[in-house]
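Report on one structure; see the data block that follows.
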Amino acid sequence: MAKTTKKRRGPQTTAKVELDLPVRVGQTVEVEITGLNHEGAGVGRVEGYTLFVDGALAGERVRARVDHVKKNFGFAKLSEVVEASEHRFMPPCPLYDRCGGCSLQHLAYEEQLRHKQQIVRDNLRRIGGFSVEGEGAITVHLTLGMSDPWRYRNKAQVPIGEENGALVGGFYAEKSHSIIDMNECLIQHQVNDEAVAVVKKAATKLNIAAYDEVRGTGLLRHVVVKVGVKTGEVMVVLVTTEEPIPQREKLVEAIRSEVTGVSSVVQNINPDKTNVIFGKKTVTLWGSDVIYDYIGPIKFAISARSFYQVNPAQTEVLYNKTLEYAGATGTETVIDAYCGIGTISLFLAQKSKHVYGVEIVPEAIADAKRNAELNGLGNATFEAGPAEVVIPAWKEKGVRADVIVVDPPRKGCDEALLTTILEMQPERVVYVSCNPSTLARDLKVLAERYEVKEVQPVDMFPHTGHVECVVWMSRAKE
Ligand code: SAH
């Protein structure tokens, strides 16, 4: 019998090799790839044993070196594509192999959209028990993609390090603390790349030391850049270990004169030994505390630390679909659970009688209230707290909802919230999800009273494995 050892990714022990498997670590195998998993890795089988191969595509025959095995599946590194898929695309990014941020750049964009549709279908079938093909199947539309799926991100968060006396910034090399320098990222707005380059150059010239994660020494930890794509306003945030910056005025001056559109230079101080980017204290060094942007007609104030969707063009597509599925005509009461800074709520407020938004982070609720004011939308009420506690309390107070929109984090909705929705019986439920597996689990619960009308995946993160979708559910007739 195979010896069961503690399973953990990492160096192989001899005990693990004792597992009676058709492959062993270090071996190069030739394998036929039959599909892509939810992380974008190719899936193949060697004598029935499943191997995941990053960078391989469905329909390909590849050679790959096994680098980790578990009892039921293993991982292998692609060494050669023997027969390439017709959908293989030459990744334009020179750092593609080392960065790991875009796991699908080697797949033609149209196919990425089909792949994301398929991931949603598979989850709805396997986890939700829904029929997705043939008669009575629920409609999962093709993913709505971008006409130009590059340079879409409005926010860069770049760790800073040092190499040969110069500051470098980019991303961490796999399983290490060393930083690989990156001059451009093809999914990042051009001005963000430009701003990071300006800070690296100016801070090097001024002898400002980069933070050393291992020793806990140095000053500059991260450069964060945000751009309001519609307004062109740019905010540069310098995250440092302490407040004094040597020759600070010169650094700020370089940023002001060289970064296109900059209207805010902010410092955030994070003295802690942590992976978390921001510390508690933020000071404005020059210009405004916030930049502004629009999604559709709604204006948002974005501060250094406030959450804002990173792909504003596709956010508008997602929110328009949410509005359409909510079916609001101007007379409805709508609840927006997990509302963040009130983005969906304010979009809905344009077309409803009243919107109630709830969110667990109090600072986000403060932003939501400010944004409502900024847009002159007086028909939105916001409350901080867990949705699963606040919404039942609203129900007790007599709030009745025609529509409930939920947009939970990856772990999905709290069960108590789903129960409350079933009890409140709104006409429609609109579920915005960034994780098809928890979506499928939650829809199965709601299916007790609600019928899934349509599912629309929207590509918020081209070239990455992330899948976002919005679902329209309607109360079933008694
Ligand atoms: N709808 C917003 C944000 C969605 S992200 C937008 O489109 O921008 C999910 C949000 O849920 C986060 O802001 C997170 O802080 C919040 N959240 C997490 N758990 C929660 C809970 N139990 N109750 C309410 N909000 C919660």
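What follows draws every value from the coordinates through simple rules; no lab data is involved. Keep in mind the model is a prediction, meaning the values are calculated, not measured. Using ideal geometry, Cβ is built from the backbone for each residue, glycine included, and neighbour counts are taken over all protein chains shown.
Here are a few things to note about the model shown:
- The Cα center of segment 144-211 and the Cα center of segment 263-338 differ in position by 22 Å.
- Extension gain, Lys411-Tyr292: 0.36 nm per intervening residue step, less the Cα-Cα distance, totals 39.8 nm.
- Gain on full stretching of the segment that runs from Thr50 to Arg65 - 0.36 nm per residue minus C-alpha separation: 4.0 nm
- Under the combined filter of DSSP loop state and at most 10 neighbouring Cβ atoms within 10 Å, segment 56-94 retains these GluC sites (Glu not before Pro): Glu86.
- Measuring r between the beta carbons of Leu422 and Val399 and using R0 = 22 Å, the FRET efficiency lands at 0.85.
- With the biggest extent put first, the Cα atoms of segment 41-134 measure 40, 34, 24 Å across the principal axes.
- P(r) tail for segment 155-295: Cα pairs beyond 26 Å make up 17% of the total.
- Solution diffusion estimate, µm²/s, Stokes-Einstein, segment 14-88, Kirkwood Rh from C-alpha pairs, 20 °C, viscosity 1.002 mPa s: 177
- If R0 is 56 Å, the Cβ-Cβ spacing of Gln350 and Ala84 corresponds to a FRET efficiency of close to 0.70.
- Values of log10 I(q)/I(0), in the order q = 0.27, 0.28 Å⁻¹, for segment 57-110 under a Debye, Cα-only, solvent-free model: -1.19, -1.20
- Three-way shape call for segment 311-475 based on the alpha-carbon gyration tensor, with the a/c threshold at 1.5: rounded
- Listed residue (Val25, Ala476, Cys99) projecting farthest to the positive dipole end of the chain, Cβ model: Val25
- Taking the inverse of the mean 1/r over every pair of distinct Cα atoms in segment 417-478 gives a Kirkwood hydrodynamic radius of 12.3 Å.
- Each peptide among 437-445, 160-168, 232-240 gets the average number of other Cβ atoms lying within 10 Å of its residues, and from highest to lowest they stand as 232-240, 437-445, 160-168.
- For the chain, the 222 nm mean residue ellipticity estimated from helices alone, with every DSSP H stretch of n ≥ 4 adding -39500 (n - 2.57) and the total spread over all residues, rounds to -7500 deg cm²/dmol.
- Placing R0 at 30 angstrom, the Cβ-Cβ distance between Gln247 and Glu163 gives a FRET efficiency of 0.90 after rounding to 0.05.
- Mean projected area in nm² (Cα convex hull; one quarter of hull surface) for the chain: 25.9
- Placing unit charges on the Cβ atoms only, positive for Lys and Arg and negative for Asp and Glu, gives the chain a dipole magnitude near 920 debye about its Cα centre.
- Virtual spin-label span in nm between Ala209 and Glu454, 7 Å along Cα→Cβ: 5.9
- Counting DSSP beta bridges with both ends in the chain, the antiparallel % (nearest 5): 65
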